[in-house]
Amino acid sequence: MVRTAPELQLLGFAILIGIVQLAWAAVAARRQQNLAWARGPRDEPMPISGTAARLDRAFRNFMETFPLFAAAVVAADLLGKLGPLTLWGCGLYVAARALYVPLYATGVPTVRTLVWLVSLVGLLMVVVAIFL
């Protein structure tokens with residue numbers, strides 16, 4: 001039986017976090033926009049605000065870093081560079097991204113930024129491991 005590297009499992013968890021964020025943001029937005037508008041061509045924008053807007057921005061923020069994280073994890077795996085640095089980096093990235101969403105949704109300012117920074121540090125740890 002082939003054993004999946006923990007970093008690849010954490011990549012899977014990051015994908016799940018993204019799916020949950022997408023669904024959470026969409027449901028919150030539809031509550032403000034109504035289903036008739038959502039079923040239509042959406043030619044006219046219908047802005048969202050409050051928690052729905054914060055969830056949308058949190059998802060967009062996730063989508064800015066997730067492709068870089070995924071590419072770094074796959075590259076590290078293909079290059080045989082997985083180890084303690086990538087494991088800790090992946091763990092930090094995934095844990096911080098999971099914490100980031102509820103912090104952003106509830107409007108917590110400074111801690112949210114620090115958590116985002118932790119996720120970036122985790123991503124950078126994976127990238128650095130590629131070059132070691």
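The values are calculated or read from the model by the stated rules, or taken from the named source; none is laboratory data. These numbers were taken from a predicted model, which means no experiment stands behind them. We place every Cβ from the backbone using ideal geometry, glycine too, and count neighbours over all the protein chains shown.
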Exercise. In the range 79-118, what count of residues is obtained for those that are farther than 30 Å from G50 by Cα, in a loop (DSSP other than H, G, I, E, B) and free of Cβ contacts under 8 Å to residues at least 12 places away in the same chain?
Worked result: 1
For this session: Could you check how many residues of the range 53-73 are without any contact (Cβ under 8 Å) to a residue 24 or more places away in the chain and farther than 30 Å from Q33 by Cβ?
Result: 1
Exercise. Which condition number does R54 fail, the rest of (1) of a type in the set (K, R); (2) assigned to a helix (DSSP H, G or I); (3) modelled with pLDDT under 95 being met?
Worked result: (3)
Exercise. Is there any pair with a first residue in the range 9-30 that is touching a residue at least 12 places away in the same chain (Cβ under 8 Å) and a second that is not charged (D, E, K, R) and not in a helix (DSSP H, G or I) whose Cβ atoms are under 7 Å apart and which are 6 or more apart or on different chains, and what are they?
Worked result: A29/I48
Exercise. Does M125 fit the bill of being at pLDDT 95 or above and within 19 Å of G18 (Cβ to Cβ)?
Worked result: no
Seminar exercise, completed: Considering residues that are hydroxyl-bearing (S, T, Y) and either over 23 Å from L16 (Cβ atoms) or surrounded by fewer than 19 Cβ atoms within 10 Å (Cβ to Cβ) (or both), the number found within the range 80-122 is 3
Exercise. If we scan the range 58-79, do we find a residue that is among the basic types (K, R) and either closer than 16 Å to V127 by Cα or crowded, with 16+ Cβ neighbours inside 10 Å (or both)?
Worked result: no
